[in-house]
Each structure stands twice: as structure tokens, then as C-alpha cells.
Amino acid sequence: MSTADTPKRSMRTPLGRVRNLGAAHSGTSDFWRQRLTAVAMVLLMIPVLVIIMMLLGRNQAGAKQILGSLPVAIIMLLFIIASAWHMKIGMQVVIEDYVHNEKLKLVSIMANNFFSIAVALASIYAILQLSSGV
Amino acid sequence: MALSIVHRATGIALYVGTLLLVWWLVAAASGPAAYANVQAFTGSIIGRLIVFGYTWALMHHMLSGIRHFVWDLGYGFKANEREALTWGAAIGGIVLTVLIWIIAYMIGGGR
């Protein structure tokens with residue numbers, strides 16, 4: 001068996017190295033995280049809806065008091081992280097399905113990452129600022 | 001039923017709609033004036049329509065996603081089961097949306 005593509009000696013066989021990686025060569029981690037974040041959001045949906053209902057009709061001071069309280073902030077942070085991660089993976093799947101030009105695909109996937117991370121970070125920063133009483 | 005493409009479409013709508021959520025949270029952190037701007041928008045007719053649409057997209061995407069999850073687990077592939085899951089997601093999404101808005105109006109008093 002040739003070892004031309006393996007400069008360092010490995011105890012793993014060529015079959016072992018590619019097993020479970022699939023056609024995208026990246027394995028099933030995104031598939032798994034997509035489901036993980038989906039289940040997380042289903043579990044968080046009722047608490048999040050309750051929080052939004054509590055905020056109805058309140059001004060900024062009232063919203064700050066509710067969003068800044070510890071349990072609410074934690075639920076919101078969990079939901080923000082799960083949704084940003086979930087939407088990043090989902091949009092990447094859509095891009096990979098419909099954008100066939102390699103360069104455009106690369107740029108789209110980069111833009112998707114930037115957008116998702118920016119959304120997550122801005123939301124997290126806002127929640128933390130509301131919590132810290134600054 | 002072509003519900004798979006609706007699942008994608010609602011997903012993309014929710015993706016873009018996160019801008020509204022970011023605006024809302026950042027405004028809450030910024031101060032009373034910024035928050036009043038958000039409330040003026042979400043209280044307007046167009047704002048309410050967008051948030052109503054967002055509620056439906058979220059509820060539909062969630063139920064349609066649970067349907068995919070059932071399939072991932074290897075259940076619900078019989079013709080009648082597929083139909084039931086699909087209709088359940090489609091009707092359930094509308095029912096939940098209306099229910100949420102009824103509760104919201106009862107609590108918020110139309111605010």
C-alpha cells in the first residue's frame with residue numbers, strides 16, 4: 001500500500017482515515033450541530049415566548065429590568081447562541097445547494113459566517129450590557 | 001406537498017429577520033430613545049405585519065423542523081404518516097401563530 005500521501009507514518013489505514021467523512025470531506029459534525037441547536041431552541045421556545053410576552057407594553061426601563069435579570073439573560077444567551085449557530089449552518093447548506101460558482105460560493109460562505117457571528121456578538125453584548133447595569 | 005421549500009424559505013426569512021431582533025436588543029441596551037424607536041416601528045401597521053409574519057415563519061419552521069427530526073429518527077415514512085406530519089406542521093404553524101397573538105393582545109392590550 002502506498003504511503004505517498006502520508007508523509008508521517010500513521011497507524012491508521014487509508015480506509016480508517018476517510019471513514020465517516022462523507023462526500024463533503026468534513027464528516028457529519030454540521031448535521032449533528034444543526035439537530036443539537038434545533039432541539040435546544042425547541043426546549044427554549046416556551047421560556048423565550050414568555051419573556052417576550054412579559055416585555056409587551058413596557059418601556060426601556062422595564063425591558064432593561066427584565067432582560068437584565070439573571071435567569072432571563074441566561075435563557076436569552078442560550079437562545080441567541082443556538083439560533084446564530086443554527087442559522088449559520090442552515091444558510092451554508094442553502095449556499096452549497098444553489099451556488100455552484102466556486103469563488104462566489106466561497107465569498108457567500110464567508111459573508112454568511114460574518115453575518116451570523118455579528119448577529120450573535122451584537123445580541124450577546126446587548127444582553128451583557130443590560131445585565132451589568134452600565 | 002412542497003413543504004420542504006417552505007421550510008427553507010422560512011429559514012431564510014428568519015435569518016434576515018434576526019436583524020430586527022438585534023436592533024431590538026441593542027436598542028434596549030442603548031437607552032429609552034432608541035427603544036422608543038423600535039416600539040414605534042413594531043407598533044405600526046407594517047411593523048406588526050412583519051412581526052406577525054416572523055412569528056408564523058418561526059412556528060412553521062419549528063414544526064416543519066420537528067417533522068424532519070421525526071424522519072431523521074427513522075419514523076413517519078408511510079404515505080399516510082408523511083401526509084399527517086406535513087398537514088400537522090402546516091396547520092399547527094398557523095394555529096400556534098394565531099394563539100400567540102391572541103395571548104399577546106390579551107397581555108399587551110394591543111400594544
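The values are calculated or read from the model by the stated rules, or taken from the named source; none is laboratory data. Note that the structure is predicted; figures quoted are calculated from it, not measured. A quick note on method: Cβ atoms are made from the backbone with ideal geometry, for glycine too, and the neighbour counts reach across all protein chains shown. Surface areas here come from the heavy atoms of the whole protein model, side chains and all, with no ligands, DNA or RNA. Shrake-Rupley method; radii C 1.70, N 1.55, O 1.52, S 1.80 Å.
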Can you tell me, using C-alpha contacts under 8 Å and at least 6 residues apart, the relative contact order of the stretch A:79-134 as a whole percent? 47
Please turn the phi angles of the stretch B:69-82 into ³J(HN,Hα) values with the Karplus equation 6.51 cos²θ - 1.76 cosθ + 1.60 (θ = phi - 60°), one per residue in order, whole Hz, x for glycine and proline. 5, 4, 5, 4, 7, x, 10, x, 8, 5, 3, 5, 5, 4
Net charge contributed by nearby residues that have their C-beta within less than 12 Å of residue A:111 (K/R +1, D/E -1): +2
Cα-based Rg/(2.2 N^0.38 Å) for the stretch A:76-134, rounded to two decimals, is 1.38
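Give me the accessible area buried between chains A and B, both sides summed, with a 1.4 Å probe, in Å² rounded to the nearest 100.
2700
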With DNA, RNA and ligands ignored, accessible area of residue B:83 (1.4 Å probe; Å², nearest 10): 100
Once you compute Rg and the Kirkwood Rh from C-alpha atoms, what is the Rg to Rh ratio for chain B? 1.08
Rounded Å value of the spacing that divides the Cα centres of the stretch B:1-69 and the stretch A:34-70: 13
Return the loop-located chymotrypsin sites (Phe, Trp or Tyr not before Pro) in the stretch B:68-111 (DSSP other than H, G, I, E, B) with at most 15 other Cβ atoms within 10 Å of their own Cβ; answer none if there are none. B:75, B:77
Just to verify a number: what accessible area does residue B:7 come out at with the full protein assembly present, 1.4 Å probe, Å² rounded to tens? 40
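Rank these residues by their accessible area, most exposed first, probe 1.4 Å: B:26, A:119, B:95.
Listed by decreasing accessible area, they come as B:95, B:26, A:119.
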Choice from B:97, B:42, B:18 with maximal GNM fluctuation in chain B (Cα, 10 Å cutoff): B:18
Compare B:34, B:79, B:89 in a GNM of chain B, Cα atoms joined below 10 Å, and give the one with the largest fluctuation. B:79
Hydrodynamic radius (Kirkwood) for the stretch A:25-132, which is based on Cα pairs only, to one decimal in Å: 15.5
Could you give me the percent of Cα pairs per 5 Å distance bin for the protein assembly as shown, shortest bin first, beginning at zero and ending with the bin that holds the maximum distance? 1, 5, 11, 15, 16, 15, 12, 9, 6, 4, 3, 2, 1, 1, 0
With every protein chain present, what accessible area does residue A:30 have (1.4 Å probe, heavy atoms only), rounded to the nearest 10 Å²? 60
Heavy-atom accessible area per residue, the stretch B:3-108, 1.4 Å probe: how many Å²? 54
Output wanted: per-residue J couplings in Hz (rounded whole) for the stretch B:44-54, from phi through Karplus 6.51 cos²θ - 1.76 cosθ + 1.60, θ = phi - 60°, x for Gly and Pro. 6, 4, 5, x, 5, 4, 5, 5, 5, x, 5
For chain A, take the longest principal axis of its alpha carbons; what is the angle in degrees between that and the long axis of helix A:102-132, to the nearest 10 within 0 to 90? 30
Please turn the phi angles of the stretch A:36-51 into ³J(HN,Hα) values with the Karplus equation 6.51 cos²θ - 1.76 cosθ + 1.60 (θ = phi - 60°), one per residue in order, whole Hz, x for glycine and proline. 4, 5, 5, 5, 4, 6, 4, 5, 7, 4, 5, x, 5, 4, 4, 4
Using only the alpha-carbon atoms, how far is helix B:3-30 inclined from the longest principal axis of chain B? Give it as 0 to 90 degrees, nearest 10. 20
Helix B:32-43 against the longest principal axis of chain B: what's the angle in degrees, Cα atoms only, rounded to the nearest 10? 50
